[in-house]
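**Q** I have a structure I would like to understand better, so I am pasting it below and will then ask my questions one at a time.
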Amino acid sequence: MTAKHHLWFKAGTCIMLATVFSFALPTGAAAQEDVETPPHWLVYIGTHTWGDSEGIYLLHLDTETGELETVGLAAEANNPNFLALHPTEPLLYSVGQMTDEDGNTVGALNAFAIDTETGLLELLNQHPSVGQGPCHITVDPPGRHAMAANYSSGCAVVASLEEDGSLGETTAHVEHEGSSVHERQQGPHAHAVDLAPDGRFLFVTDLGIDQIRIYRYDDEDGSLEPNDPPYAETAPGAGPRHFTFHPSGEYAYVINELDNTITAFNYDAETGALETIHTVPTLPDDFEEENTTAEILVHPSGRFVYNSNRGHHSIAAFSIDEQSGELTPIGHTSTRGETPRNFNIDPSGQFLLAANQDTHNIAVFRIDQETGELEFTGSEAEIDSPVCVTFRAPFE
């Protein structure tokens, strides 16, 4: 029996905090210093279940040593590739697949209750993603709605959340149109859904049409309306994939999958508009092999940006100019595996966990708080086809 199928717990490890931790990333360096770091994080791993994976897995990350401990299977699910936590309640959501009334496999949103003693998950219900290939999900700050992107169908959906955390009715569904110059851009491919810091706008990053679509979002009824301006553009053939805000709310960054670049934007919180600052490459100048980028995150301090390179198999780090939002390269760090589809930074900003999809391992790196450089801690875990890393604090 392998570690990933053998479920075990250290006595008392899930009951270590007097209060439940706030899971929103802190805003700025001052807020980061106020974060009370728990003895360990619960780490949920979304996977593709095309091979040996059975669903969502649970790990523990020791916040002092960086040691990663495999707990086991948290819940069975079909391709739960991206995860999102409820902002206040013990609930977790994922995209994936389900079987409809006619026996067809369709895109799905899944709602899970988190057991506050063990951290394991119990499926509450499923909801159609109203599209094919769901690949990203988020929950609004009040915890009233979940929204997801459907890659294959080029559309986004919003679903209400019931009092018990289960998924309710569809409240909005938007479809994109268009194409671009790359062979993978014959039609729209919505790849991510991200809310503005104040929750007033939803940004849907579309790889197929080289646009970040902007919608006005109402968290009371879950409705979406095209914004004015309705989108921001990247270079033709760039393929915008994932999108993230600076903790200050003044800047935003998009990782472009197809041309291996990051585009930095000024953000107008009143109008929802994005204005391009500049675009920088994610690869070393001498790298000539095939590569696609995947994830992008801003460090909780607001001083650094990181992205993953699939092909170069690295995390690229950049420093952020606080006055302009511009990026300056720091360097590249091997992810100790192949195809880092996703990575995440723990809420205190100490560690980065890189999920290597094709070598089935998750490696832990310590982040230098002054330079932004990464150092491998020597700790890693084996999980089949990991594609999403999500942190949560333990419960009381």
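**Q** Write out, first by first residue and then by second, each pair whose Cβ atoms fall under 6 Å of each other, whose residues are 6+ apart or on separate chains, and whose first residue, in region 369-387, is closer than 22 Å to S319 by Cα and of a type in the set (A, V, I, L, M, F, W, C) while the second is modelled with pLDDT of 95 or more and surrounded by fewer than 15 Cβ atoms within 10 Å (Cβ to Cβ).
**A** Final answer for the pair search is none.
**Q** Looking at (1) at pLDDT below 95; (2) buried (at least 24 other Cβ atoms within 10 Å of the Cβ), which is the only condition F112 fails?
**A** If we test F112 against (1) at pLDDT below 95; (2) buried (at least 24 other Cβ atoms within 10 Å of the Cβ), just (1) comes out false.
**Q** From the residues in region 46-80 that are of a type in the set (D, E, K, R) and assigned to a strand (DSSP E or B), which one is nearest to L123 (Cα to Cα)? Walk me through it before giving the result.
**A** To start, the set of residues in region 46-80 that are of a type in the set (D, E, K, R) comprises 52, 54, 62, 64, 67, 69, 76.
If we keep only those that are assigned to a strand (DSSP E or B) as well, we get 62, 69, 76.
Values: D62: 27, E69: 24, E76: 9 Å.
Filtering region 46-80 for residues that are of a type in the set (D, E, K, R) and assigned to a strand (DSSP E or B), the one nearest to L123 (Cα to Cα) comes out as E76.
**Q** Would you pick out the residues in region 284-328 that are assigned to a strand (DSSP E or B), surrounded by fewer than 16 Cβ atoms within 10 Å (Cβ to Cβ) and not β-branched (V, I, T)? Can you show your working first?
**A** The first filter runs over region 284-328 and keeps only residues assigned to a strand (DSSP E or B), leaving 292-298, 304-310, 314-320, 327-328.
Filter once more, keeping what is surrounded by fewer than 16 Cβ atoms within 10 Å (Cβ to Cβ): 328.
Listed by number, the list is empty, since nothing qualifies.
**Q** Something else: Of these, T27, T65, T2, which one is at pLDDT below 95, loosely packed, with under 15 Cβ neighbours inside 10 Å and not small (G, A, S)?
**A** Numbers: T27 fails: loosely packed, with under 15 Cβ neighbours inside 10 Å; T65 fails: at pLDDT below 95.
Residue meeting the stated conditions: T2.
**Q** Also: Is it fair to say Y253 is under 21 Å from P340 (Cα atoms) and surrounded by 19 or more Cβ atoms within 10 Å (Cβ to Cβ)?
**A** Numbers: under 21 Å from P340 (Cα atoms): yes; surrounded by 19 or more Cβ atoms within 10 Å (Cβ to Cβ): yes.
So Y253 fits the description; yes.
**Q** For the structure I just gave you, tell me whether T371 is among the β-branched types (V, I, T), over 22 Å from G311 (Cβ atoms) and surrounded by fewer than 23 Cβ atoms within 10 Å (Cβ to Cβ). Reasoning before the result, please.
**A** Details: among the β-branched types (V, I, T): yes; over 22 Å from G311 (Cβ atoms): yes; surrounded by fewer than 23 Cβ atoms within 10 Å (Cβ to Cβ): yes.
So T371 passes the test.
**Q** A further question follows. Quick one: how many residues across region 36-51 are surrounded by fewer than 24 Cβ atoms within 10 Å (Cβ to Cβ), touching a Ser or Thr at 6+ places or on another chain (Cβ under 8 Å) and over 15 Å from L68 (Cα atoms)?
**A** Of the residues in that region, 5 qualify.
**Q** If you don't mind, another one. Would you mention how many residues in region 329-363 are among the hydroxyl-bearing types (S, T, Y), closer than 13 Å to H313 by Cα and not in a strand (DSSP E or B)?
**A** Taking region 329-363 first, the residues among the hydroxyl-bearing types (S, T, Y) are 333-335, 339, 348, 359.
Restricting the remaining residues to those that are closer than 13 Å to H313 by Cα gives 333-335, 339, 359.
Checking the rest, the ones that are also not in a strand (DSSP E or B) come to 335, 339, 359.
Counting residues in region 329-363 that are among the hydroxyl-bearing types (S, T, Y), closer than 13 Å to H313 by Cα and not in a strand (DSSP E or B) gives 3.
**Q** Something else now. How many residues are within 26 Å of G143 (Cβ to Cβ), of a type in the set (G, A, S) and touching a residue at least 40 places away in the same chain (Cβ under 8 Å) when one looks only at region 61-109?
**A** Here the count works out to 6.
**Q** Out of everything in region 243-282 that is of a type in the set (A, V, I, L, M, F, W, C) and assigned to a loop (DSSP other than H, G, I, E, B), what residue ends up being nearest to H312 (Cα to Cα)? I'd like the intermediate steps shown before the answer.
**A** From region 243-282, those of a type in the set (A, V, I, L, M, F, W, C) are 243, 245, 252, 254-255, 258, 262, 264-265, 269, 273-274, 277, 280; that's our starting set.
Pick out the ones that are also assigned to a loop (DSSP other than H, G, I, E, B) and you get 258, 269, 273.
Values: L258: 14, A269: 35, A273: 33 Å.
Here the residue is L258.
**Q** Has region 222-241 got at least one residue that is charged (D, E, K, R) and either part of a loop (DSSP other than H, G, I, E, B) or within 16 Å of Y93 (Cβ to Cβ) (or both)?
**A** no
**Q** Name the strands (runs of 3 or more DSSP E) wholly within region 87-199 that hold at least 3 residues that are farther than 26 Å from F243 by Cα and more than 16 Å from the chain's Cα centre (by Cα)?
**A** Values: elements: 91-99, 105-114, 121-128, 134-139, 145-150, 155-161, 167-175, 190-195.
Of the strands (runs of 3 or more DSSP E) lying wholly inside region 87-199, those with at least 3 residues that are farther than 26 Å from F243 by Cα and more than 16 Å from the chain's Cα centre (by Cα) span 105-114, 121-128.
**Q** Now, a different point. Going residue by residue through region 271-283, is there one that turns out to be under 21 Å from the mean Cα position of the chain (by Cα) and among the hydrophobic types (A, V, I, L, M, F, W, C)?
**A** yes
The values are calculated or read from the model by the stated rules, or taken from the named source; none is laboratory data. Keep in mind that this is a model prediction, so the values were computed, not measured. All Cβ positions, even for glycine, are placed from backbone atoms using ideal geometry, and neighbour counts span all protein chains on display.
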